[in-house]
Structures are given as structure tokens and as C-alpha cells.
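Below is one structure; the comments refer to it alone.
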């Protein structure tokens, strides 16, 4: 696949500037204001206020650059960017979802940041350098296409008062089996109390994949691209997880729960354990007694490893951008201490810059479960489902549909995972034929090394 190289774009822009100078026209230099469009894909009132504030500060410090803000709701963002990419009218800088990288790099809609990244990379933590960029981008796609804004990951939100009532503490929660036991003991349907905040609708199938991939030791594909999600050990781990719902340790209507309902189930006092990301901390702090809950380390699998998420959204420069150097200046500004610390504090994310990573305010309190997960010696970042373009379709529709059919008794667990494995195998093998040099999705440790 051809890749747009940032150095080539820089060279072209310099040549263009020289030509304009010779002919007496205004170039990019003094007197010329470069206008850049910055695009957010997950807008909210809080995010818009944050980005507009940062943009105002940046513009005030850069007389020759004017950045403007635009956004698209999450449910529409992917399709809109595809449409804009086809028309060569993408925003100059966009927040890029990791699952979209394969599609956008293949279409040549993102420029490489290698020349900018290399002299700047020591700004980032070892995890960001080794995994979020070293493995996820350089090893898989051959170049750097985005700068991680922060990382989130997953931990378990737990009702500590409920645990105490059933004779357990957070220290008793280590493995998936420990959490299943706690969910069972916490459940008392007569009190409308359930142990687990199950997510059965959109995104729920992905939650069932955490213990499944742990049972596979993080290896989800054979070397020929055959998906292993329907192997016996995977089916067993999957059914054990789904028993949280099928055995009544979660509310009956949680088969229809998405993100919002799952979180509300926990914060309203209906459920006692919740698997989610750091942004939920704010909701809990606003609605719950601080002495009744905490975050705990993510469950450990049978091999002793913790297979969890620790991904990032990226700041990327698109192929529509005429001024990549100025766009890079804005990305660097976003990653400086003041705006990046504000971002992480506002949205409870974990910094990926060295200067902020050891700040106590990001390591203590209700963030403790997330930090303990990421810093555990046996933490493993679970693999993605693949780098093929259909991964979005799989994650947002097909996967959830297959799991729901099992939960509703319309097919067996083996049948559900056979269907999942068949889809992933077909797409992965087709992708491998077109991209023979792209490595298989693998579980990685903090430094980006692959778990064998």
C-alpha cells in the first residue's frame, strides 16, 4: 500500500512557498494566517468547552495560525469522515479512533508523522512509545499516524458496603472467579439488588470477550488467520461470564442495557459490580456516597495475566491538510502539561506524557483501580479483533447480535462463537491476502512486546 509521507508534503509546501514568493504572492510566512479545522468525534458540552478553550489559548499565542472547532456525534462520525475523505475535504486535524486506523491509512487519508514524532517522542511514557505507537502503529502499519491523547483502560467499580455485608473485601477480588462469587453473594432479588451490572446490548459482546481472550492467553488467531474464539477453553470462559445474566445475578432487563443503562444500574443502587472506564468515576462521585464504592483492579485470568483494555484516541493530521507543520504545532500544544492535565482531570483519563504520569492526583483516590491494573507486572493489553475495515461493523452489530441470540436461548454458546469465529476468520484471511506484511493482532505488554 502507498502511504502519504509527511516529509513529502512538507517539501511540496516549501516549494510552493518559494514559487509564491518569487511571483510576489503571499506565502505561508509573515502576514499569512493559516486556517486549520480541528474535529472531535465524541462531542459533549464538556468536551466542546474544553477544546474551544484550548483553541482560544493556542490562537492567542500564534498570530499566523487560526484553529477552528467542529464536531460530529459519535454515531455519525465514522460515516461522515468516510464521506469527507472520499471528497478530499477532511478536517485538517481530527481525533481518530484506533479501530479506524486500518481503513483510513489504506485509503491514504492520514499523513505519517514520523519526521515530527522522532525528535519529540521522549515526551511520552514507555507505554505510549512501546504499545500505543510502537506496536499499534509502527509495527502494524509501518508509520506513525496519530499521537495518543491519553489512555483510559478498564477497572471494576465495586460497592464496598455490599461486599462487607457478604463477608468479602476488595482484597478478595483478584480473578474472574472471585468476581463471579461476589456477584452471586451480592444478589438478593427480593431487595431488587443484583451483583453485576450486565451489558447485554450495544457493546455488551465486547465485555464477554475479556475473559474469553484471557482463556486463550491473548492469542485470538492462528498463524493462517483462523479465529480461535470458538475453541473449547474460549467457549467455557464465555459461558461462565454469560452466567452472570443467565443465573440471575444481573437484572432481567439488562439484556437491553447499553453503556448508559449499565452505569445507571450501578449508581442507582441496583447493581454491585460494574466493568467500565475512568469517565464513570465522575458520575459516581456526583451521585453516590463516597464511602460506599471504589474501583478495583481488573480480574486476572487463569494464567496470571490481566487482559484488559488500555487504548487511546489519537490526534491525527489528514491528507486534506495543506499546512501539516502548523497542524503539528497544534497537536504539540494539546500535549503540553497545562491543556493535557486539564483534559485528564476533566475526563478521568490517564496521562501518557512523562511529566504528568507520576503526578499523585492521577494515581490515587478513585483512580487507584485503573492505575493498579496498568502497573501490574502481569498487565497485558488485549488484542484488537483485526485491522480490516469491517471491524467496525463487527463490533457495533454482528458481535452483539450473536451474543444476544445465545442469551435469549435462540442458539447455543458454541453456535454463537462459531458464527463469530467464522466472520472474523473470513475477514482476517482476506485482509492477510491483501496485506501480507501486516502482523496478526496480538496481546502486548507495556513495552509493546508480544505475549507468545
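Listing for the model above:
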| item | result |
| --- | --- |
| All positions within segment 78-88 that are assigned to a helix (DSSP H, G or I) and either in contact with a strand residue (DSSP E or B) (Cβ under 8 Å, 6 or more places away or on another chain) or loosely packed, with under 13 Cβ neighbours inside 10 Å (or both) | 79, 81, 83, 85, 86 |
| Unmet requirement for residue 322, which otherwise passes all of (1) in a loop (DSSP other than H, G, I, E, B); (2) under 20 Å from residue 147 (Cα atoms); (3) modelled with pLDDT of 95 or more; (4) within 21 Å of the chain's Cα centre (by Cα) | (4) |
| Condition check for residue 237: within 30 Å of residue 436 (Cα to Cα) and either in a helix (DSSP H, G or I) or touching a strand residue (DSSP E or B) at 6+ places or on another chain (Cβ under 6 Å) (or both) | no |
| Residue that is nearest to residue 319 (Cα to Cα) [pool: residues in segment 65-77 that are out of contact with any strand residue (DSSP E or B) (no Cβ under 6 Å at 6 or more places or on another chain) and outside any helix (DSSP H, G or I)] | 72 |
| Unmet requirement for residue 449, which otherwise passes all of (1) buried (at least 19 other Cβ atoms within 10 Å of the Cβ); (2) not assigned by TED's automatic domain parsing to the domain that holds residue 244 | (1) |
| Positions within segment 153-170 being more than 12 Å from residue 294 (Cα to Cα) and out of contact with any strand residue (DSSP E or B) (no Cβ under 7 Å at 6 or more places or on another chain), in sequence order | 164, 165, 166, 167, 168 |
| Test: residue 262 is within 30 Å of residue 60 (Cβ to Cβ), in the same structural domain as residue 169 (by TED's automatic domain parsing) and either touching a residue at least 40 places away in the same chain (Cβ under 8 Å) or part of a helix (DSSP H, G or I) (or both) | no |
| Options 340, 349, 378; residue that is buried (at least 18 other Cβ atoms within 10 Å of the Cβ) and either within 15 Å of the chain's Cα centre (by Cα) or under 30 Å from residue 425 (Cβ atoms) (or both) | 349 |
| Matching option when the condition is within 16 Å of residue 373 (Cα to Cα), in contact with a strand residue (DSSP E or B) (Cβ under 9 Å, 6 or more places away or on another chain) and buried (at least 23 other Cβ atoms within 10 Å of the Cβ), among 327, 308 | 308 |
| Filter result (surrounded by 14 or more Cβ atoms within 10 Å (Cβ to Cβ) and modelled with pLDDT of 95 or more) within segment 27-46 | 34, 36, 37, 38, 39, 40, 41 |
| Residue among 334, 346 that is closer than 18 Å to residue 54 by Cα, in contact with a strand residue (DSSP E or B) (Cβ under 7 Å, 6 or more places away or on another chain) and in the same structural domain as residue 132 (by TED's automatic domain parsing) | 334 |
| Residue 218, sole failed condition from (1) part of a loop (DSSP other than H, G, I, E, B); (2) touching a strand residue (DSSP E or B) at 6+ places or on another chain (Cβ under 7 Å); (3) under 21 Å from residue 183 (Cβ atoms) | (3) |
| Residue count for segment 379-394, restricted to those that are at pLDDT 90 or above and not in a loop (DSSP other than H, G, I, E, B) | 4 |
| Search result, residues across segment 275-305 that are part of a strand (DSSP E or B) and either under 18 Å from residue 349 (Cβ atoms) or outside the structural domain of residue 175 (by TED's automatic domain parsing) (or both) | 275, 276, 295 |
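Here is a yes/no grid of residues against (1) touching a residue at least 12 places away in the same chain (Cβ under 8 Å); (2) closer than 22 Å to residue 160 by Cβ:
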{"residue": "291", "(1), (2)": "yes, yes"}
{"residue": "297", "(1), (2)": "yes, yes"}
{"residue": "309", "(1), (2)": "yes, no"}
{"residue": "316", "(1), (2)": "yes, no"}
{"residue": "338", "(1), (2)": "no, no"}
{"residue": "343", "(1), (2)": "yes, no"}
{"residue": "349", "(1), (2)": "yes, no"}
{"residue": "354", "(1), (2)": "yes, no"}
{"residue": "359", "(1), (2)": "yes, no"}
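The values are calculated or read from the model by the stated rules, or taken from the named source; none is laboratory data. All figures in this text were calculated on a predicted structure; none of them were measured in a lab. FYI the Cβ positions are ideal-geometry reconstructions off the backbone, even for glycines, and counts take in every protein chain you see.
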